[in-house]
Structure formats: structure tokens, C-alpha cells
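A.B. asks: Got a structure for you, written out below as C-alpha cells; questions coming shortly.
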Amino acid sequence: MFDIDRVRLMRRIAPVAAVSLILYLSSFARADELPLWEAGFGVTGISLPDYRGSNQQRIFVLPFPYLVYRGEILRLDRKGLYGRLFNSDRVQLNLSVDGALPVKSNQNTARTGMRNLDPTFQIGPSLEICLISNCSGDRAVQLRLPARAVFASDFTYLAGKGFVINPQLNFDFLNLGSERGWNLGFALGPLFASKEYHEYYYQVDSADAVPGFRPAYTTRGGYSGSLLILTLSKRFKDVWFGSFLRYDNLSGAVFADSPLMRTKQSGMAGFAVTWVFGESQVRVQSTP
């Protein structure tokens, strides 16, 4: 399925991919006394398209480092790695990250003969507003407004690729089930991105155009489709399980007529199972 270069690259970015996967997985966090940090290791499986709008799906099985840190400012948990810049009863301002895996163009029919797509990572602020009376218990409804700058890199260079904005409604339902402990979450909302971001994935320069197959195409910034994310997780003593489903609908996206767009609907799915082998003796008050 992979050539040697791709396998080597996947090994190098596996920790980044694992952190990105955490962004989709619910955690067991709730308003309670919890360890300052927890550490574990396991395996994750993930199925995803080469890029949003690609009709070619890949399956990856990767080592999964499980890390949770509940610091006053820096945190690593169900929402990923972020810095808590401001926190009140109803409003939080966090620093969040996200990322995407590389694509080898010789393994993607639509991109045959084009440059490879290097991994990208995103970083920026996320404003989170509680929409109910209290979001620190087992139920939470939030409006999240993340805005992140995008960078591409193969670990030898770093190049800016614009920005993305993804306002979304987020619902968390913690401690479900007869024995409690199951955590369910879902989020939905539109995605907007800059011209530079869309160019990276959907533009076809004249040098890459192929008559009758792939005409030259110039895109622009704006609406980039919508997404729905479902997550489910549970902590079983020293074992943690998490899973997610993501559905993307690209109907009406500004790049919908790009020759690199082969489908207007795509999905991702993944799971992780980890053995939690260490935790801090220090306890902190933690909220979702």
C-alpha cells in the first residue's frame, strides 16, 4: 500500500497525526479532581480521503501516544494541544492546533504528474462560548469559533498556506450508560478558508494541465463546505478507548468545479485504544 519513502514519512509524522486525531475524540474529563498529567501508549486506525473532495481513501494504522496534561494555561486533552489564554464561567479563549497528512500524487488519480502535497499543520485562537447555564458538568453546549493559520512542511522547509475558520456548535454528553463513563459528542458547522489554502489543494497551474483530463483551474477564498463530527469514548480503568466519525459535504464550495474535486461528500473514521501506564500524584480541578 505504501512505498518506502511514504512509510518513513508516516513514521516521522505519527506523533503529529496522533495529536490531530485527539482533536476528534471525546475524553473522560469532567468537573472533578483529576491527575495533572496522564501518559499511555496504544494503537490507532484511521480511514480518510487523500484530501477533502478526493474520491480515494487511505487506511493508516499507527502507534498512538496518549498524553493528557491539565495545566492552568497549557493543556493537552480531548480538544487537542492548546493554551488557555482566557477563561471565565461562560467564555474561554484557547490556542488550538490541527493537521493533515501528506499525499503522494503518483498514488492519486486526479493528481497524477502534479507535485506531492506535504503535511500541513494549523495553529490559532479558538473562542468558545457556553450556550447553556453551565458547561462544566456532564452536559455542555458551546459555540466554538476557531481561526487557524495553515503551514505546509516536509520538515526541511516551512511555508504559509493561508488560514481556515470553522465556526461550529459543539454538544458534549458525558458519563452516559447504565454504568456511566461513556462520553458522546458531536459538532457541526461550516468551513471557510483563504485563497492560499484552497490553491494548495485544488488549483491546477497551466504547467499541470492535461487536455481532456485536467484543465487549468484557479480557485478563490470563501466557503469550503460543512462538516459533522461524532465522537465516542470511555475510560476502562487503565485502558482508554476513543472513536470518531466525520462527514464532509462540499456542495456549494467555491472550488466545487475544480478538476481535482472528484466527490462532494467524504468521510473519515478512526479509533484509538491505549494502555494508560502513568499518572501524576498531583490532582487538579478540571472542567470539560
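A.B. asks: I need a count of the residues in the range 89-124 that are at pLDDT below 90 and either among the hydrophobic types (A, V, I, L, M, F, W, C) or open to solvent by 50 Å² or more (accessible area, probe 1.4 Å) (or both).
C.D. replies: Residues in the range 89-124 being at pLDDT below 90 and either among the hydrophobic types (A, V, I, L, M, F, W, C) or open to solvent by 50 Å² or more (accessible area, probe 1.4 Å) (or both): 8 in total.
A.B. asks: Something else: With the structure loaded, tell me whether Asn170 is of a type in the set (S, T, N, Q) and surrounded by fewer than 19 Cβ atoms within 10 Å (Cβ to Cβ) or whether it fails that test.
C.D. replies: When the stated conditions are applied, Asn170 does not pass them.
A.B. asks: Another question, then. Just give me the residues in the range 132-147 being over 15 Å from Leu174 (Cα atoms) and surrounded by 14 or more Cβ atoms within 10 Å (Cβ to Cβ), in sequence order.
C.D. replies: Leu143, Arg144, Leu145, Pro146, Ala147
A.B. asks: Within the range 239-287, work out how many residues are modelled with pLDDT under 90 and over 21 Å from Val61 (Cβ atoms).
C.D. replies: 10
A.B. asks: Of the conditions (1) free of Cβ contacts under 8 Å to residues at least 40 places away in the same chain; (2) within 22 Å of Leu260 (Cα to Cα); (3) over 23 Å from the mean Cα position of the chain (by Cα), Arg214 clears all except one; give me its number.
C.D. replies: Tallying (1) free of Cβ contacts under 8 Å to residues at least 40 places away in the same chain; (2) within 22 Å of Leu260 (Cα to Cα); (3) over 23 Å from the mean Cα position of the chain (by Cα), Arg214 fails exactly one: (1).
A.B. asks: Which condition does Lys104 not pass, out of (1) more than 16 Å from the chain's Cα centre (by Cα); (2) more than 24 Å from Arg262 (Cα to Cα); (3) among the basic types (Lys, Arg), if it passes all the others?
C.D. replies: (2)
A.B. asks: Just name the residue that is most open to solvent (accessible area, probe 1.4 Å) out of those in the range 173-185 that are part of a strand (DSSP E or B) and farther than 30 Å from Lys161 by Cβ.
C.D. replies: It comes out as Trp182.
A.B. asks: Counting only residues that are open to solvent by 50 Å² or more (accessible area, probe 1.4 Å) and without any contact (Cβ under 8 Å) to a residue 24 or more places away in the chain, how many does the range 148-167 have?
C.D. replies: Total meeting the criteria: 3.
A.B. asks: Here is a further query. Can you name the strands (runs of 3 or more DSSP E) wholly within the range 186-288 that have at least 2 residues being hydroxyl-bearing (Ser, Thr, Tyr) and surrounded by 17 or more Cβ atoms within 10 Å (Cβ to Cβ)?
C.D. replies: It comes to 222-236, 265-279.
A.B. asks: Next question. Which of the residues spanning the range 35-58 are open to solvent by 20 Å² or more (accessible area, probe 1.4 Å), assigned to a strand (DSSP E or B) and more than 30 Å from Val282 (Cβ to Cβ)?
C.D. replies: Result: Ile46, Ser47, Leu48, Gln57, Arg58.
The values are calculated or read from the model by the stated rules, or taken from the named source; none is laboratory data. The shown structure was predicted, so the numbers you read here are calculated from the model rather than taken from an experiment. Note that we place each Cβ from the backbone using ideal geometry, even for glycine, and neighbour counts take in every protein chain shown. Note: accessible area is taken over every heavy atom of the protein model, side chains too, but ligands, DNA and RNA are not part of it. Shrake-Rupley method; radii C 1.70, N 1.55, O 1.52, S 1.80 Å.
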